[in-house]
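Data first, discussion second: the structure below is written as structure tokens.
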Number of protein chains: 2
Amino acid sequence: MPSDLHSVGLSRRQADYGADISAMLLLRRCHSLTRLGHVGTQRYRAAPSLASRAVRLCSSSRDDQRSYQHANNGASWKHIVAGLLTGTGVVLTYGLHHHEVERADAGSSTTVESSRLPVFSHDEVTKHRSLEDGVWVTFKGGVYDITEFVAMHPGGNKILLAAGGALEPFWALYAVHDQDHVLEILSQYKVGELSPEDLKKQEDAKSLDPYSSDPERHPVLRVKCKKPFNAEPPPEILGDSYITPHVLFFKRNHLSVPQVDPASYRLNVEGFPGGALSLSLEDLKTRFPKHTIIATMQCAGNRRSEMNKVKRVNGLNWGITAIGNAKWSGVRLRDVLLAAGFGPEVAKWARHVHFEGLDKDVTGTAYGTSIPINKAISEEGDVLLAYEMNGEDIPSDHGFPVRVVVPGVVGARSVKWLGRIVISAEESSSHWQQHDYKGFSPGTDWKKVDPKSAPAIQELPVQSAITVPADGAVIDRSNETLTVKGYAWSGGGREVVRVDVSLDGGKTWQVAQLRSGDEGQPTEPSPPPGRAWAWKLWELTAPLPPEAEELEIICKAVDNSYNVQPDTIPPIWNLRGLLSNAWHRVKVKVTED
Amino acid sequence: MPSDLHSVGLSRRQADYGADISAMLLLRRCHSLTRLGHVGTQRYRAAPSLASRAVRLCSSSRDDQRSYQHANNGASWKHIVAGLLTGTGVVLTYGLHHHEVERADAGSSTTVESSRLPVFSHDEVTKHRSLEDGVWVTFKGGVYDITEFVAMHPGGNKILLAAGGALEPFWALYAVHDQDHVLEILSQYKVGELSPEDLKKQEDAKSLDPYSSDPERHPVLRVKCKKPFNAEPPPEILGDSYITPHVLFFKRNHLSVPQVDPASYRLNVEGFPGGALSLSLEDLKTRFPKHTIIATMQCAGNRRSEMNKVKRVNGLNWGITAIGNAKWSGVRLRDVLLAAGFGPEVAKWARHVHFEGLDKDVTGTAYGTSIPINKAISEEGDVLLAYEMNGEDIPSDHGFPVRVVVPGVVGARSVKWLGRIVISAEESSSHWQQHDYKGFSPGTDWKKVDPKSAPAIQELPVQSAITVPADGAVIDRSNETLTVKGYAWSGGGREVVRVDVSLDGGKTWQVAQLRSGDEGQPTEPSPPPGRAWAWKLWELTAPLPPEAEELEIICKAVDNSYNVQPDTIPPIWNLRGLLSNAWHRVKVKVTED
């Protein structure tokens, strides 16, 4: 447990109140933690002018973790923690990727002045999410009322997506904001500082709620379930960035987020004749080569809501964004298996590699699953035990300190908070391998379903969806052209080679432009055959059909095995609502100005 | 050239007429040829009681090859060769898999009595293909009028498929005929012997026609093009056998069939720093381990006729049977590449492996293509240089003496009559790699097509089709159940895990039974993951819907990447009519008795 972190000097009691924090002390402690490998600093490095006046407040101890739950409607907070102590020369840097707050020794000899602006709770901030109620945002501990600025925002109404929450993840996505004059504009709208008060409430509730130490999440996420936390980003944001920032990356937790002390973390690799191998985080980082891949991860339930419209299915009602693309770094599973004793003798009987997370249910059962040995051991399989996501430590919602990344395969096999690897002749016997995450015929109902009749989902089929325009959008006829955007991906390392787009419900088709990088940025190099783990973003700009009052826009992707998406949902409907990869359709209205 | 065979003693002139053949001499010569590796004897071994009184008449020399062309309507022969010399104690054994006839030295001292039954030409035999015209078949050189037997045939009307041609391939398929009492029944219907006369006509035409030395094919094949020869079997026969007999295996030739002398055959392996490797057939058979796989091969144009119905496409109008499943034996391409010098240095630059056939057009350009190096070199890729098909030497129509078998990949890459392998940093520049065998959007026409915009087809998408009942079949309502049969396969080694069948046009679905072997036979063992190269046969027996007057029967397959077939053809239509893998649909009528 978190004794190592406590030894750094941060007990909960000591940290409870800290209006008089020493900035120097905090900085020193942060650096201690950074050495433990838990503090990502990508943003820190990207904005040195901000970083130079920033203190990163951070903690990894379970006791010091704060839980934030975001209501299902995406508009109100149940438990808000500000806990941000500000003063002259002390600015809270962007720390949302950890969502953790550290408070210092109240007995410190150095004091920090409190802000002279009013202090607001997050509850208060989240009430301001519209032009009617005012549009408030937070940035580095400051609260800003940007209502007047909305009309002037070069990016238009998109700024409203950040209303009631933090700007930082949006600015990480839209790097154009990384300019001094943008900060100058923002500073004109400052109305206050965030309050630390909700923090106390949160701590009081903690003992009753296994989810109380779950990390904070950004309010822009569309929450499908709070406990365990499952949420996805708005489509128009997801499709704007080739690499999905972790804040916006869909969260799919099966249980509460375990608090893992990186110093005492151990990965156990078992099942080999020579006995188990126990690896610390340091071992992983120093004993094995670091390997980086860009890989898309998709939940088997992505687009389930479309199946639900056909006939009710069991499962979270995911939209089209339970998918994301990230840069993952870590060690190859292959290298760890070889170190543990994989060789010709083991190859004779080993058929599967099991993964177990540190997330456990009330009976002590960990989330677990397995993948076939050939994927695990192949040099071309690229299965990682990742400790970084997008150049930072893996965030807690995504598996800190180590998660599996099985590229080309359903997200359910990429076990987070990895605690145990077992090599075996058999598939995992876990619920998630044997009973869930399987596909069935549309004619199969709960009465006659036989889980043994279907294989566990591993590689996923070809997929694509339209992120812009949104279903129900209204387009002005004065526009001469219409731009349609989206993502496309296929499982098994199969590269998407074409996306067809129809503006007339599938009667005629045009070929979209594919991108493997952000607009105007150098594109990622072509992957070797069979190792296209990352999605493609695509875009089509076409003349607006002159007469139409309504357009049914459709996309469908083709991968390099020339597999295509099926036309419609009903024939692939299944009782769990998995593998929903029919053509994606949105309807838009065309109106006169 | 055929000098080695000529040295065995069989010149054309010597062989022209041979009413007085010595059975002993023929037997001896056949054995000589067998040692050259050209005479498959699977059938021979399977029916020793027949073999004991049989003489295999065979030849491999170009001059001794006979050409047989079968008219497009499948009912008449243009050039027929009988050339069968019979006599007491001399029975022509089943040699259709070579379609070659050898005649012996006319000066032989031993004579054979001519048959006392009338002699018929093949023209005459092929006129008898119906109950009205009489049903004639040939078997081991005899002509049989089985008109009266048709009504008594336990297999029903299926016997009519053999009408006008040889029984042998059907009996190879339906092994139940391998019984003495069946031969006794047949013998009652004998009406004559086959005539050698058309042989002369054929030889006279030979010098004018590059296709004149193409092998004989069975008349049951549905010919799509005579020159080059392209044909597919009737669906109801294809679906009856897990392993497709070579006679019934679809033929897809790009040029005429080259006559290759196995003794002088050389395979050149080029592009390596150490120079070229030249391998004889003997080298291949003795220097490398023999490896056997069961793999399905499918033409990229299979089911093109369904696309043609939507809008005209360019290409042969294939039905649903340009696909077959065979047992292939030979050496691994991997082993040959390693012997030629593949290693870490070559791996740095090598990206593709080119194959060139010995079939050449009038400009001397060979059929050629390439596959990615990772498929070629992977132990799990299972790419073979095959010299056997279904336990016999590769038949000439299928690439004698050596062909490539690239399992999981479009048939076009499995180059027949393999002459040259080149390792390269680039894809093959051949027409068939760069301009043909690519998929395009349904919106792409010949004016705007850019071949560079699409990758060469390698792995094929998931596929299935209904072989029974036939489209337009009539079903008696007194049947309480309906049985639907078909095949299902997917590219890239992805195993078919489910076939859904609908009897009501796709409204409801039932799950078919899958088979990896012949009915009542032991099933093939499950393949390792990613190496499911062979198709599955499937079958559904379901209650006949009580009210329906017409049924629209549909099948669709799911592979273990959970890729599915698209619902309809129009959205996957493409100008070349390739990759036609939408749901297969047949309509049947239900009538009162």
| request: For residues that are open to solvent by 20 Å² or more (accessible area, probe 1.4 Å) and facing chain B (nearest Cβ under 8 Å), scanning just the stretch A:545-569, find the one that is farthest from A:ARG515 (Cα to Cα). | output: A:THR568
| query | So which residues in the stretch A:199-228 are among the charged types (D, E, K, R) and at pLDDT below 90, if there are any at all? | reply | A:LYS200, A:LYS201, A:GLU203, A:ASP204, A:LYS206, A:ASP209, A:LYS226, A:LYS227
| request: Confirm whether A:ARG351 is of a type in the set (D, E, K, R), within 14 Å of another protein chain (Cβ to nearest Cβ) and open to solvent by 30 Å² or more (accessible area, probe 1.4 Å). | output: yes
| request: May I ask you to say which residue of A:GLN513, A:GLN521 is of a type outside the set (Asp, Glu), more than 14 Å from chain B (Cβ to nearest Cβ) and farther than 26 Å from B:ALA347 by Cα? | output: A:GLN521
| task | Looking only at the stretch A:475-485, decide whether some residue is hydroxyl-bearing (Ser, Thr, Tyr) and within 11 Å of another protein chain (Cβ to nearest Cβ). | result | no
| query | Going by the structure shown, is B:GLY506 within 20 Å of A:GLY443 (Cβ to Cβ), at the interface with chain A (Cβ under 7 Å from one of its Cβ atoms) and either in contact with a Leu (Cβ under 7 Å, 6 or more places away or on another chain) or in a loop (DSSP other than H, G, I, E, B) (or both)? | reply | yes
| note | Of the listed residues (B:TRP417, B:TRP328, B:TRP318), the one being under 19 Å from B:GLY493 (Cα atoms) and open to solvent by less than 30 Å² (accessible area, probe 1.4 Å) is B:TRP328
| task | Check off (1) within 14 Å of another protein chain (Cβ to nearest Cβ); (2) surrounded by fewer than 23 Cβ atoms within 10 Å (Cβ to Cβ); (3) in contact with a strand residue (DSSP E or B) (Cβ under 7 Å, 6 or more places away or on another chain) for B:SER453 and give me the number that stays unchecked. | result | (3)
| note | Among the residues of the stretch B:469-491, the number that are more than 20 Å from the chain's Cα centre (by Cα) and either assigned to a strand (DSSP E or B) or acidic (Asp, Glu) (or both) is 10
| request: Filter the stretch A:116-143 for residues that are assigned to a strand (DSSP E or B) and open to solvent by less than 20 Å² (accessible area, probe 1.4 Å) and give the result. | output: A:GLY134, A:VAL135, A:VAL137, A:THR138, A:PHE139, A:GLY142, A:VAL143
| request: Could you grab me the full set of residues in the stretch A:570-591 that are over 21 Å from A:ASN325 (Cα atoms) and either within 14 Å of another protein chain (Cβ to nearest Cβ) or in contact with a helix residue (DSSP H, G or I) (Cβ under 8 Å, 6 or more places away or on another chain) (or both)? | output: A:PRO570, A:PRO571, A:ILE572, A:TRP573, A:ASN574, A:LEU575, A:ARG576, A:GLY577, A:ARG585
| query | Are any of the residues in the stretch A:370-381 open to solvent by 10 Å² or more (accessible area, probe 1.4 Å), touching a strand residue (DSSP E or B) at 6+ places or on another chain (Cβ under 8 Å), within 13 Å of A:GLN458 (Cα to Cα) and assigned to a strand (DSSP E or B)? | reply | yes
| remark: Taking the stretch B:254-308 and keeping only residues that are in a loop (DSSP other than H, G, I, E, B), at pLDDT 95 or above and under 30 Å from B:ARG585 (Cα atoms), one is left with B:CYS299, B:ALA300, B:GLY301, B:ASN302, B:ARG303
| query | So which of B:VAL410, B:VAL406, B:VAL415 ends up being more than 15 Å from B:HIS254 (Cα to Cα) and either within 14 Å of chain A (Cβ to nearest Cβ) or among the aliphatic types (A, V, I, L, M) (or both)? | reply | B:VAL406
| request: Filter the stretch A:524-542 for residues that are modelled with pLDDT of 95 or more, touching a strand residue (DSSP E or B) at 6+ places or on another chain (Cβ under 6 Å) and either surrounded by 15 or more Cβ atoms within 10 Å (Cβ to Cβ) or within 14 Å of another protein chain (Cβ to nearest Cβ) (or both) and give the result. | output: A:TRP533, A:ALA534, A:TRP535, A:LYS536, A:LEU537, A:TRP538, A:GLU539, A:LEU540, A:ALA542
| said: I'd like the full set of residues that are open to solvent by 50 Å² or more (accessible area, probe 1.4 Å) and in a loop (DSSP other than H, G, I, E, B), limited to the stretch B:509-521. | reply: B:ASP518, B:GLU519, B:GLY520, B:GLN521
| note | Just one listed residue, out of B:VAL405, B:VAL353, B:VAL346, is touching a Leu at 6+ places or on another chain (Cβ under 6 Å) and β-branched (Val, Ile, Thr), and it is B:VAL405
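The values are calculated or read from the model by the stated rules, or taken from the named source; none is laboratory data. Computed from a prediction, not measured in an experiment: that's the story for all the values here. Please note: Cβ atoms are built from the backbone with ideal geometry, for glycine as well, and neighbour counts cover all protein chains shown. For the accessible areas, the whole protein counts, side chains as well, though only heavy atoms, and no ligand, DNA or RNA atoms are used. Shrake-Rupley method; radii C 1.70, N 1.55, O 1.52, S 1.80 Å.
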